[in-house]
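For reference, the structure is listed below as structure tokens.
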Amino acid sequence: MRSELAAGSGETMEKRERPRVVLGVSGGIAAYKACELLRRFTESGHDVRVVPTDSALHFVGEATWSALSGNPVATEVWETVHEVPHVRIGQSADLVVVAPATADIMAKAAHGLAGDLLTNTLLTARCPVVFAPAMHTEMWEHPATQENVATLRRRGALVIEPSVGRLTGTDTGKGRFPDPAEIFDLCRQVLARGGRGLPRDLAGRHVVVSAGGTREPLDPVRYLGNRSSGRQGYALARTAAARGARVTLVAGNTELPDPAGVDVVRVGTAQQMREAVLKAAADADAVVMAAAVADFRPAAYAPGKIKKKDGQEPEPIALVRNPDILAELSADRARPGQLVVGFAAETDDVLANGRAKLARKGCDLLVVNEVGEHKTFGSDGNEAVILATDGTETPVPYGPKEALADTVWDLVAPRLADPRP
Ligand code: CTP
């Protein structure tokens, strides 16, 4: 069907092979941020048709969408009628992403209205559909919007949770348009699954992921830290969101931007991480401890900077143990059937140490990876063996951290307890 349509429209071979993305833009101020999303799609070789609503054009004009996409732009079904765009655009798309998605467009989509080109496209699309909502907190939280979002999700659309932060004007709250780079990343993951569609095996689940390293302060300017970049934990959070989960990411020290659709709780020390993880875990179906939690912290915190003293050697730094969050989560499950996953960073006897650690920590799965100067920390890739309490061992060859993250969720999803009624 696709090639016939493409052939009929006289497109070049090169263009036909590029993934086809429909960028639906509805009328919100965040429409200007969708230009950045569009640029990322086109620069990475996607063929993008922008379908704005009439009200979106009040914010960003047709010329901008057309110039950035290199494609014609229409809002009404009556334009270029001979091409039957109201059917063709949706049918031939590999992905439809509506960004920003207003309360109005989601209401129309949930009710199957088809008054303009975008709503027609949404009705004819059979590919994955992603909505990136942006609106004021009150509009997002209104039961009408929440019911429409639930309807769209139930039908298989991926509705990203809006970010929390500055909204139009001076108010702040939930409803902010997520970082376009993060929306792009999520769309890339959805597209990468291609014809297999998006596994929705985590839909309706709440998962908690910890990421990054903790910092244990010694005085106001110094701390004990580690070299964790947080990338593996962020990849876990992103992939879980892409598979439909509600995700709480408890992030230690990291430079990474908040993943789209993920609630991020930032913490500094191991003790703060413990508090935040236990709080989020109270209603979680699964908790994955990917953070590099400091095992020790300075026994005392000096409220003033520790100064050098002429002719004297520095005082040794006394350390005390931090709580072991993974062991505590495993021993004291917040909910029956809650699944707990740990990570083990090992330098020697990797598998033997991993097996012993799985037993010692009491978790259900343990992702064991070898670490060293040039391995794992800060790199884009990772390799690991995932050990399970039932004795299975799943090797994951070297690849992107997202691939390892997906394998973790592949193992977690079938082990989750039945959802509560
Ligand atoms: N972890 C934790 N709380 C700590 C230390 C570690 O929850 N205080 C978690 C990590 O998030 C990880 C797992 O425990 O999921 C394993 O951490 P790792 O540093 O590899 O193991 P340790 O328990 O520190 O054991 P050892 O230092 O003996 O290797």
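Could you pull out every one of the helices (runs of 4 or more DSSP H) wholly within segment 112-211 that has 3 or more residues that are over 17 Å from residue 25 (Cβ atoms)?
Values: elements: 117-124, 137-141, 143-154, 180-192.
Output list reads 137-141, 143-154, 180-192.
Filter segment 127-168 down to residues that are exposed (fewer than 15 other Cβ atoms within 10 Å of the Cβ) and under 20 Å from residue 56 (Cα atoms), then give me how many there are.
Residues of segment 127-168 exposed (fewer than 15 other Cβ atoms within 10 Å of the Cβ): 138, 141-144, 146-147, 150, 154-156, 165-166, 168.
Next, from what is left, pick out any that are under 20 Å from residue 56 (Cα atoms): 168.
Number satisfying all stated conditions: 1.
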Any chance residue 96 is touching a helix residue (DSSP H, G or I) at 6+ places or on another chain (Cβ under 6 Å), modelled with pLDDT of 90 or more and within 18 Å of residue 37 (Cα to Cα):
no
From the list 261, 252, which residue is on the phi > 0 side of the Ramachandran plot and surrounded by 14 or more Cβ atoms within 10 Å (Cβ to Cβ)?
261
If you check residue 366 against the conditions, is it at pLDDT 85 or above, among the aliphatic types (A, V, I, L, M) and under 20 Å from residue 205 (Cβ atoms)?
no
Quick check on my filter: what residues within segment 222-249 are surrounded by fewer than 21 Cβ atoms within 10 Å (Cβ to Cβ) and in contact with a His (Cβ under 9 Å, 6 or more places away or on another chain)?
246
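Just to be sure, is residue 33 surrounded by 15 or more Cβ atoms within 10 Å (Cβ to Cβ), under 24 Å from residue 176 (Cα atoms) and in contact (Cβ under 8 Å) with a residue 60 or more places away in the chain? It would help to see each step written out before you state the result.
Details: surrounded by 15 or more Cβ atoms within 10 Å (Cβ to Cβ): yes; under 24 Å from residue 176 (Cα atoms): yes; in contact (Cβ under 8 Å) with a residue 60 or more places away in the chain: yes.
Answer is yes for this residue.
Condition first: at pLDDT 95 or above, of a type in the set (D, E, K, R), within 14 Å of the ligand (Cβ to nearest atom) and under 25 Å from the mean Cα position of the chain (by Cα). Can you find one or more residues in segment 265-274 that meet it? Full working, then the answer.
Looking only at segment 265-274, we keep the residues that are at pLDDT 95 or above, and these are 265-274.
Applying the additional criterion that residues be of a type in the set (D, E, K, R) yields 266, 274.
The next check asks that each one be within 14 Å of the ligand (Cβ to nearest atom); those that pass are 274.
With under 25 Å from the mean Cα position of the chain (by Cα) added as a condition, the list becomes 274.
Yes: one or more hits.
The values are calculated or read from the model by the stated rules, or taken from the named source; none is laboratory data. Please read these numbers as outputs of a predicted model, since none were measured by experiment. Every residue, glycine as well, gets a Cβ built from its backbone with ideal geometry; the counts of neighbours run over all protein chains shown.
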